[in-house]
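Below is one structure, written out as structure tokens, with a few remarks after it.
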Amino acid sequence: LERDRFAATDRPGRRRDGSGARHVPATVKRAVWQRDGGQCTFVSEQGKRCPALKCLEFDHMDPVARGGQATTERMRLRCRAHNQYTAERVYGAGFMERKREEARRRAVAKRATREAEQARKAREAEQARKAREAAEAREARRRARAPRSRPSRTRNAAWCPGSAHSG
């Protein structure tokens, strides 16, 4: 998980251009992770740093919606709660609640679509299995009804009564 989310590696690969304003390049992720020590950077009014080491996210100091760039200098690690807290302070609690509700609806719709697709594939697989079984049953019935093969005349002509080859 750390490898996927934070681009942790001993051997960085070549740089790839990401698409979209929200993309954070792996080089930036690695540098921010190291600089922030793999810990949330939120500091309370009392001067205490958040101790969270899990559920960390890369936070744009300048929001993407306001032109924020994914650079090492303008990114930081935040736990989910403090990232949401900062967003509510910047955009307002009502706005963020609407955005979260939209995201929930999209997730539900995506899950429903995925489940419907899985159900469709399961139905198709079951239909294919039944069709295969029916074809095998038809073939077995055909073989059972088919007459047994008769001996060849030329090979077995000597034993046929009245045959020109009989002895």
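Some points to look at:
- Couplings 3J(HN,Hα) for the stretch 54-65, derived from phi with the Karplus relation 6.51 cos²θ - 1.76 cosθ + 1.60 (θ = phi - 60°), are 10, 6, 8, 10, 8, 10, 7, 4, 9, x, 4, 4 Hz, where x marks Gly and Pro.
- Computed about the Cα centre, the dipole magnitude for the stretch 13-154 is approximately 1440 debye when only Lys and Arg (+1) and Asp and Glu (-1) carry charge, each at its Cβ.
- Straight-distance crosslink candidates among lysines, where the alpha carbon sits under 20 Å from Lys110 and sequence neighbours closer than 8 are dropped: Lys99, Lys121
- Charge tally in the Cβ shell below 14 Å around Gln127, where Lys, Arg are +1 and Asp, Glu are -1, Gln127 excluded: +3
- With contacts taken as Cα pairs under 8 Å and at least 6 residues apart, the stretch 16-67 reaches a relative contact order of 26 percent.
- Here the contact order of the stretch 34-139, divided by its residue count and restricted to Cα pairs under 8 Å and six or more residues apart, works out to 18 percent.
- Based on the Stokes-Einstein relation at 20 °C and a viscosity of 1.002 mPa s, and on the Kirkwood radius from alpha carbon pairs, the stretch 93-144 is assigned a translational diffusion coefficient of 148 µm²/s.
- Sorted on the mean count of surrounding Cβ atoms within 10 Å across their residues, most packed first, peptides 128-134, 142-148 read 128-134, 142-148.
Coordinate-derived values only; no laboratory data. Quantities reported herein were computed from a predicted structural model and do not represent experimental measurements. With ideal geometry, Cβ positions are generated from the backbone for all residues, glycine too; neighbour counts draw on all protein chains shown.
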